[in-house]
Amino acid sequence: MTENGYEAVTIDTSRPHPARIYDYLLGGKDNYEVDQRAGDALAAAAPEARIGVRANRAFLERAVRYVVGSGIRQILDIGTGLPTSPNVHEIAQTVAPDVRVAYVDNDPIVAAHGNALLSRSGTTRIVLGDLRDPRAVLDHPDVRRLIDFDQPVALLLVAILHFLADTDRPAEVVATLRDALPAGSFLVLSHATGDFADRTDAQAVYTNATASLNLRDRAEVERFFDGFELVEPGLAQVPFWRPDTPPPPRSEEIGFYGGVARKTS
């Protein structure tokens, strides 16, 4: 057992892992040779991949600042992945120090890095849970200890739903989570797309990975926001969602949609 109570796990380095590929493309160190090869193959198939993941991360930062600036004081981040500084709680707490963040991921490797996320004040927790079972996530005692579902919550589903196949019923997953949120809550969501270029070869990189890559078009991504009202500028390529710096070169090619929406009733 680790000091946080998680069982020790054997890390499978024989197959690339989406979170570790993402970490590699961001310039992180929590990845292995198999992930680096997959990341390089992804960048070869989709030349904008590296700027795309950085733009997606920058979108997350802006979106978190927006929802906290709008009064949110608790965040449920599902599919958090490996720690990347600044983490969500670090971003949020620069705006409001009392923000609470529950991180959820189905990968024990992420839990093994939990110490990098947990604050001594008890305002953050990391929970092992699977987005495919949203009811179990919502009912997890550690989530319930931190998140009060009678008060507005920001739900973060950033770069995670494209790892759910249609057979996983992602729309139903999002609807279950939405229905648990009170009025005044927010959904922050980003999703990979092939709308701007043929990315069949990029999808193939994930054939031998631990999760497939399921690209969806604009209309399919917009449907995840059913029951919410998108805030301006609506669903956009991530570099163009309320940018606070000039978008990077080749932003028009970036295959990530992002949006923030509010639940009004």
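Couple of notes before you dig in:
- Scope the stretch 174-191; condition of a type in the set (S, T, N, Q) and open to solvent by 10 Å² or more (accessible area, probe 1.4 Å); matching residues: 176
- Failed criterion for residue 90 (all others in (1) modelled with pLDDT under 95; (2) part of a loop (DSSP other than H, G, I, E, B) hold): (2)
- Selection from the stretch 64-102 of residues that are of a type in the set (Ser, Thr, Tyr) and more than 17 Å from residue 20 (Cβ to Cβ): 66, 70, 94
- All conditions but one from (1) open to solvent by less than 50 Å² (accessible area, probe 1.4 Å); (2) closer than 19 Å to residue 188 by Cα; (3) under 16 Å from the mean Cα position of the chain (by Cα) apply to residue 54; the one that does not is (1).
- A single entry from 28, 71 fulfils the requirement of being open to solvent by less than 60 Å² (accessible area, probe 1.4 Å), in contact (Cβ under 8 Å) with a residue 24 or more places away in the chain and either under 14 Å from the mean Cα position of the chain (by Cα) or over 30 Å from residue 204 (Cα atoms) (or both): 71.
- The set of residues from the stretch 206-265 being surrounded by 15 or more Cβ atoms within 10 Å (Cβ to Cβ), basic (Lys, Arg) and not in a strand (DSSP E or B) comprises 216, 242, 263.
- Scope the stretch 159-175; condition within 27 Å of residue 84 (Cα to Cα) and part of a loop (DSSP other than H, G, I, E, B); matching residues: 159, 160, 164, 165
The values are calculated or read from the model by the stated rules, or taken from the named source; none is laboratory data. Quantities reported herein were computed from a predicted structural model and do not represent experimental measurements. Cβ coordinates were reconstructed from backbone atoms using ideal geometry, including for glycine residues, and neighbour counts include every protein chain displayed. Heads up: the accessible areas ignore ligands, DNA and RNA and are worked out on the full protein's heavy atoms, side chains in. Shrake-Rupley method; radii C 1.70, N 1.55, O 1.52, S 1.80 Å.
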